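The values are calculated or read from the model by the stated rules, or taken from the named source; none is laboratory data. Please read these numbers as outputs of a predicted model, since none were measured by experiment. Here the Cβ positions follow ideal geometry from the backbone for every residue, glycine too, while neighbour counts run over all protein chains shown. Quick note on the areas: whole protein, heavy atoms, side chains included, nothing else; ligands and nucleic acids left out. Shrake-Rupley method; radii C 1.70, N 1.55, O 1.52, S 1.80 Å.
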Amino acid sequence: MSVRDLIPWARSNGDQLPTLFRTGERDPFLSLHREVNRLFDDVFRGFDTRLPAFGRIGGSGAGWPNVEISDNDKEIKVTAEVPGLAEKDVEVFLSEGVLTLKGEKRSETEDKERQFSERFYGQFERRIPVGREVEEDKVSARFRNGVLTVTLPKTAKAQTQIKRIEVKS
């Protein structure tokens, strides 16, 4: 057997394209390859440089809910956008230095004739590591106009451990 026997060229004419590239023919392996690629594209669509989010709704976006995190000497503040949800639809947990935002968004109507929707529905869970130096008994959460704000005060030890490092060029 020669190497030429392994090349998928047509045997009748050596100038023809490989069978994978010929039009008019349906190669089942090419179809399978395209379908697998499409499935992987669908799974990984939306991954970007933001924080990794494993609890998503509908597979779009980098994570839901979208969050904004601010950290200063005294506290860590996590703000999450949860439009269309009520206060009762969201749960907040803090365990071993990880803040968990959990809930469910339900469809308001049972529209069986709906053909297209870009809205998110279903359960979500977002875990955000905040560290163990948080005063767990003083953590507070506020929900207003579809925005959840969780304030996590730092312990006195964490506040004194902050050391400013001079950056030189």
Item to check | Tabulated pairs, the stretch 72-95, first at positive phi, second of a type in the set (A, V, I, L, M, F, W, C), C-beta under 6 angstrom, 6+ apart or interchain | outcome: none
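Conditions (1) surrounded by 12 or more Cβ atoms within 10 Å (Cβ to Cβ); (2) modelled with pLDDT under 90; (3) in contact with a Phe, Trp or Tyr (Cβ under 8 Å, 6 or more places away or on another chain), marked per residue:
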| site | (1), (2), (3) |
| --- | --- |
| TRP64 | yes, yes, yes |
| ASP71 | yes, yes, no |
| ILE76 | yes, no, no |
| GLU81 | yes, no, no |
Next on the checklist: Going by what's in this entry, would GLU133 be described as farther than 13 Å from PRO65 by Cα, modelled with pLDDT of 85 or more and touching a helix residue (DSSP H, G or I) at 6+ places or on another chain (Cβ under 7 Å)?
Outcome noted: yes
Checklist outcome for this item: GLN123: passes all of (1) closer than 30 Å to ASP41 by Cβ; (2) open to solvent by less than 80 Å² (accessible area, probe 1.4 Å); (3) touching an Asp or Glu at 6+ places or on another chain (Cβ under 7 Å) but (2)
Item to check | Criterion violated by THR109 - all others in (1) open to solvent by 60 Å² or more (accessible area, probe 1.4 Å); (2) within 29 Å of ARG164 (Cβ to Cβ); (3) among the β-branched types (Val, Ile, Thr) satisfied | outcome: (2)
Checklist entry - For the stretch 130-169, which residues satisfy the criterion of being open to solvent by 30 Å² or more (accessible area, probe 1.4 Å), of a type in the set (A, V, I, L, M, F, W, C) and within 24 Å of the chain's Cα centre (by Cα)? => result ALA141, PHE143, VAL147
